[in-house]
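Encoded as structure tokens, the structure appears first; notes follow it.
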Amino acid sequence: KYFRTHLLITGQTREQLGSAFQARRIRKVRVVNIDAPLDLYEVWLGDDPARRLAAETYESALLQLEEGAFREASRTAADLIRQFEPEGPALVLAAQALQFATNPDLVFTSEWTLPGK
């Protein structure tokens, strides 16, 4: 629900899926009652070129965010939002990037602690 997408899986589950499923890395998160951070992936069935392009663009924005290039991450995510609807993960990424770009006193970590279950 936090990423506004339909189906998220962990990295461990992603490794077990076959090639019939496409996936994009969404974010490393910390969740309630689990000590280690988890990599989350969004999955879909089949090979859709538009979704693959969206996944590549999202990965670029995510890498920019993780490297602390917050303004660039927000621009890349905004481009993705304009091109593809709905794009919940990019909306969340853009909002977080803007938050860090406009508040230099905030301490950024690549692991997002989810606010609840």
### Query
Can you pull the percent of the chain's accessible area that's carbon plus sulfur, 1.4 Å probe, other chains left in place?
52 percent
### Query
If amide H atoms are built 1.01 Å from N in the plane of the peptide, which residues on other chains or at least 5 residues away come under 5 Å of the amide H of Thr5?
none
### Option label - Cα extents along the principal axes in Å computed here, alternatives [x] 64, 32, 22; [y] 44, 37, 22; [z] 44, 29, 24
[y]
### Query
Solvent-accessible area per residue for the chain at a 1.4 Å probe radius, Å²?
61 Å²
### Query
Between Asp47 and Thr113, what FRET efficiency follows from the Cβ-Cβ distance if R0 is 25 Å, with the result rounded to 0.05?
0.15
### Task
Name the shape class, rounded, prolate or oblate, that the alpha-carbon gyration tensor gives for the stretch 4-69, where a ≥ b ≥ c are the square roots of its eigenvalues, rounded holds for a/c under 1.5, and otherwise prolate holds if a/b is larger than b/c and oblate otherwise.
oblate
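The values are calculated or read from the model by the stated rules, or taken from the named source; none is laboratory data. All figures in this text were calculated on a predicted structure; none of them were measured in a lab. So basically every Cβ, Gly included, is an ideal-geometry build from the backbone, and we count neighbours across all protein chains shown. Note: areas computed on protein heavy atoms with side chains; ligands, DNA, RNA excluded. Shrake-Rupley method; radii C 1.70, N 1.55, O 1.52, S 1.80 Å.
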